[in-house]
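Report on the structure given below.
The values are calculated or read from the model by the stated rules, or taken from the named source; none is laboratory data. Just so we're clear, the structure is a prediction, and the values are computed from it rather than from any experiment. Here the Cβ is made from the backbone with ideal geometry for all residues, glycine too, and neighbour counts use every protein chain on show.
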Amino acid sequence: MKKSNMAIGLSEEQGMLLDTAREFCRDRSAIPAVRALLQSESGFDAQVWQEIAELGWLGVAVSEAHGGSGLGMGSAIPIVECMGKRLLSTPYITTVLVAEALQRAQSHALCERHLPAIVGGQIATLALLESEDWGEETIELTATDAGGDLQLAGSKTQVAYAVQAELFLVSLTYQDEARLLLVPASALGEGAVRRQTNIDETRRSSRVDFTGATVSSDHLLSGDAAAIIRDLRLLGALLYAAEAAGSTAACMDLTVDYLKTRKQFGHLIGSYQSLKHPMVEVLCDMDNARSFVYHAATLVSEASLDEDAESACRMAKAQASEALKFAADRAVQFHGGMGFTYECDAQLYIRRAQWSQQAFGDAYHHRKRLASLLLD
Amino acid sequence: MSDHAPSASELADFRAEVSGWLEEHNPADPGFLLPQTFMEVGSDQQLEFLREWQHKLWSAGYLGVHWPEQYGGRGMHPAFQNEINRELRRHRTPITFNVIGLGWAGPLILDIGTEEDKAKYIKGILSAEDIWCQGFSEPDHGSDLGNAQTRAVRDGDDYIVNGSKIWTTMGNYAKYMILLARTDPTTKRKYDGLSFFLSPMHGTGIDTRPIQKITGEYGFTETFFTDARIPSSCLIGGEGNGWRVAMQTLQYERGAAAGAAGGQVQVRVSIADLIDEVRSVKRDGAPLLEDPVIRDRLVQLIMDEKALGLADKRSTLGDLNSDYPMSLLLSYKLRVSEYQRRMRQYGLEIQGGLGGLYVGDEDTIAGGFWQRAYFNNFATTIGGGTSQIQCNIIGEQVLGLPKS
């Protein structure tokens, strides 16, 4: 085994973002606000989204030339962690990833045209996944030449906030090569977007049929698309890991509060070791997830992710997926009969845990790839 | 100790010198298994080997270099000892086994001992001539030190001691013990009746009985005091201050800057060692490391080990600890000892038929290292407060859960 990279730090900017985001997410996303959005069409508060844009958070990793602050993807991590802690769901993760892809591709014209709008709050979304298989490398969706334009055939699943998105970044096969194409929502046909029912009701995703859409070929991103897709998947995994780490802490706090107040058989139930000790396990899992998340945040940069960064992102996702899954499972159980009800907030976390674990690959997916990196 | 903080280049030069010396003097494999911690010194053969090694290291000027010159140190800055410790680790040297002397008794005596104490004890600790042991735990009060019942009653210039201590490491080899005993059984708070002694181990009324561990080896004793007379000059820190002195003693372990003499406290066992050693093991007719189930579990263990290292570094980043400030510090012992248990157990579990053999059999992997390492690790998940007690402490102090 080669020597392990143990870098972990928090820049002054990251620290400031952490402070601001903690406060903002607490104020804007109290549990009643979260619950009020569960059955809404969009799933997020347009006013809050606009405030997020005004805070400059959509541009933390966008270069200054395009209206951002150029702090790198590591700076989105504290923001997303805080959003996770307050279950604040918005198109933030997916929009930030699209901006990142445009920059990594160094498609200057596309960057000039779209990044300032994205930084200002235009919703953009990623369309990568075609089936349940996050490990699939082959891309079925195709583009063919049609008189200077490209004509698409195929569909994507779990496209986040597709109903509201103005831009879709789509992975596809063109001339036998993987490519990324920016598709404006206006190119989609009637009925192309079918909203999915999400296990986590704070999320919104759709199946999107791109068949028949015609897009100018200058919307193709330059650069090595396969490498960019790989980086996007790793960064997506890291962002979801940061969010899950935040949600794990919140879920733990919820359970701990209950264990401190609920009495059974004459004792506060938190005094029973059969409940206390698993909560310590939850705490340690959460701490480990947080360590991996900030370790990865320290290693990612605007360059293509190296092996250390890849390894860190995968560990973060594997650890955070498991941590939230365990914390939420115990939250329901330890709330007793109350925990079985929709009214109890434990449901918010156990539903989120199932969504989060699969997003950008579950723990097995990442550990399988870590095994190749670390054991061979 | 020198107050002058050495420059980076001074430290680098020193480190190179130490490294050079170790290249030449790090002992070769003696042909028998060496202890990974000071709690595993189970035979005269091991003891003599380790005594010789520590003496050689001290004679070369590489142990307790920040301790005062007149007592056997070199009066240097603690940063130099830290450099030595790092080189010892890197060269994977045998342990400096007189741990209770080097890390607990020595720094305590230098801090609060009399001039006579320092002259009498310190050099013997460094040279390994005088082995020290610790008498805190008692048979009926394993994790509850404050409840120690061994009695010490003042009688003229002596104290008369009665009671027994357990888990005395190297009790059969030690010349001195740091002893926590009750001088006043009537205090309101149990802690206030305790006193701390630098007790001799040889004398009438002091007997040891070796304890055979699950490994079949020795390393600990039970120590019995039966009307044993120890001079009142053995008292350190004043009567009734034993608990405070004991807590102070535990602080030195944290390294040279905290006062410990340094050295190689334990041989670190890492998942990397395990992976290297099982490369040749076969499962289903193919190399073990190609089995997907095994690979998944190994990655989990690699992550657990890495998380410990990251937690150590993260604990210094204030902003990332503000919500649960004591979490990483209080849970470290639990996490590291339980990780080691799981990892070592797995090291044995994946050996197939070889896991059924034991130390002494020539077919074992690394002489049965993993078998012994797994069993011995229970000293860390039980000693110093069991993992279950640690969970209570963390649950109550970090999460604020009600007392059990």
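So which of A:TYR272, A:TYR294 ends up being closer than 26 Å to A:ILE77 by Cβ, touching a helix residue (DSSP H, G or I) at 6+ places or on another chain (Cβ under 9 Å), within 10 Å of chain B (Cβ to nearest Cβ) and of a type in the set (Ser, Thr, Tyr)?
Values: A:TYR272 fails: closer than 26 Å to A:ILE77 by Cβ.
Matching residue, one of A:TYR272, A:TYR294: A:TYR294.
Evaluated against (1) of a type outside the set (Gly, Ala, Ser); (2) away from chain A (no Cβ under 14 Å); (3) assigned to a loop (DSSP other than H, G, I, E, B), B:PRO210 falls short on exactly one condition, (3). Condition first: in contact (Cβ under 8 Å) with a residue 40 or more places away in the chain and over 22 Å from the mean Cα position of the chain (by Cα). Can you find one or more residues in segment B:38-55 that meet it? No, segment B:38-55 contains no residue that is in contact (Cβ under 8 Å) with a residue 40 or more places away in the chain and over 22 Å from the mean Cα position of the chain (by Cα).
Restricting to segment B:151-203, and then to whatever is among the β-branched types (Val, Ile, Thr) and within 14 Å of B:CYS133 (Cβ to Cβ), can you tell me which residue is nearest to the chain's Cα centre (by Cα)?
First pass over segment B:151-203, keeping only residues among the β-branched types (Val, Ile, Thr): B:153, B:160-161, B:166, B:168-169, B:178, B:183, B:186-187.
Now restrict to residues that are within 14 Å of B:CYS133 (Cβ to Cβ): B:166, B:168-169, B:178.
Working: B:ILE166: 16, B:THR168: 12, B:THR169: 10, B:ILE178: 14 Å.
Ranking the candidates gives B:THR169 first.
Against the numbered list (1) farther than 26 Å from B:MET201 by Cβ; (2) not aromatic (Phe, Trp, Tyr); (3) not in a helix (DSSP H, G or I), B:ILE95 comes up short only at (1). Applying the criterion of being under 15 Å from B:LEU34 (Cα atoms) and either surrounded by fewer than 18 Cβ atoms within 10 Å (Cβ to Cβ) or over 21 Å from the mean Cα position of the chain (by Cα) (or both) to the residues of segment B:366-395, the residue that is nearest to the other protein chains (Cβ to nearest Cβ) is B:ALA366. Any idea which residue in segment A:18-43 is surrounded by the most Cβ atoms within 10 Å (Cβ to Cβ), counting only those that are of a type in the set (A, V, I, L, M) and out of contact with any Leu (no Cβ under 8 Å at 6 or more places or on another chain)? That would be A:ALA21.
The set of residues from segment B:213-231 being at pLDDT 95 or above, crowded, with 20+ Cβ neighbours inside 10 Å and either part of a loop (DSSP other than H, G, I, E, B) or not polar (S, T, N, Q) (or both) comprises B:PHE225, B:ALA228, B:ILE230. Got a sec? Which of B:ASP296, B:ASP284 is touching a Lys or Arg at 6+ places or on another chain (Cβ under 7 Å) and free of Cβ contacts under 8 Å to residues at least 40 places away in the same chain? Only one candidate qualifies: B:ASP296. Are any of the residues in segment A:242-255 surrounded by 15 or more Cβ atoms within 10 Å (Cβ to Cβ), in contact with a strand residue (DSSP E or B) (Cβ under 8 Å, 6 or more places away or on another chain) and within 25 Å of A:GLN164 (Cβ to Cβ)? No, segment A:242-255 contains no residue that is surrounded by 15 or more Cβ atoms within 10 Å (Cβ to Cβ), in contact with a strand residue (DSSP E or B) (Cβ under 8 Å, 6 or more places away or on another chain) and within 25 Å of A:GLN164 (Cβ to Cβ).
Within segment B:65-84, work out how many residues are charged (D, E, K, R), in contact with a Phe, Trp or Tyr (Cβ under 6 Å, 6 or more places away or on another chain) and in a loop (DSSP other than H, G, I, E, B).
0
Going by the structure shown, is B:GLY101 of a type in the set (Gly, Ala, Ser) and part of a helix (DSSP H, G or I)? Taking the combined requirement at face value, the residue satisfies it. Scanning segment B:269-311 for residues that are under 22 Å from B:LEU328 (Cβ atoms), part of a helix (DSSP H, G or I) and at the interface with another protein chain (Cβ under 9 Å from one of its Cβ atoms) yields a total of 12.
Give me a count of the residues in segment A:1-55 that are of a type in the set (Ser, Thr, Tyr) and in contact with a Lys or Arg (Cβ under 6 Å, 6 or more places away or on another chain). Walk me through how you get there before you give the answer.
So in segment A:1-55, the residues of a type in the set (Ser, Thr, Tyr) come out as A:4, A:11, A:20, A:29, A:40, A:42.
Those left that are additionally in contact with a Lys or Arg (Cβ under 6 Å, 6 or more places away or on another chain): A:4, A:29.
Going through segment A:1-55 one residue at a time, the tally reaches 2.
Screening B:TYR159, B:TYR173, B:TYR191 for residues that are assigned by TED's automatic domain parsing to the domain that holds B:ILE214, touching a residue at least 12 places away in the same chain (Cβ under 8 Å) and part of a strand (DSSP E or B) leaves exactly one candidate, B:TYR159. Within segment A:313-328, is even one residue more than 10 Å from chain B (Cβ to nearest Cβ), surrounded by fewer than 24 Cβ atoms within 10 Å (Cβ to Cβ) and either under 22 Å from the mean Cα position of the chain (by Cα) or of a type outside the set (A, V, I, L, M, F, W, C) (or both)? Looking for residues that are more than 10 Å from chain B (Cβ to nearest Cβ), surrounded by fewer than 24 Cβ atoms within 10 Å (Cβ to Cβ) and either under 22 Å from the mean Cα position of the chain (by Cα) or of a type outside the set (A, V, I, L, M, F, W, C) (or both), one finds at least one in segment A:313-328, hence yes. Looking at B:LEU328, B:LEU354, just one residue is out of contact with any Leu (no Cβ under 7 Å at 6 or more places or on another chain), touching a residue at least 12 places away in the same chain (Cβ under 8 Å) and closer than 21 Å to B:PRO287 by Cβ, and that residue is B:LEU354. Of the helices (runs of 4 or more DSSP H) lying entirely inside segment A:1-120, the ones with 1 or more residues being touching a helix residue (DSSP H, G or I) at 6+ places or on another chain (Cβ under 6 Å) are found at A:12-28, A:46-54, A:76-85, A:92-105, A:108-119. For segment B:313-322, name all the residues that are more than 7 Å from chain A (Cβ to nearest Cβ) and not β-branched (Val, Ile, Thr). Across segment B:313-322, the qualifying residues are B:SER315, B:GLY318, B:ASN321, B:SER322. Among the residues of segment A:347-371, the ones that are facing chain B (nearest Cβ under 9 Å) and of a type in the set (Ser, Thr, Tyr) come to 1 in all.
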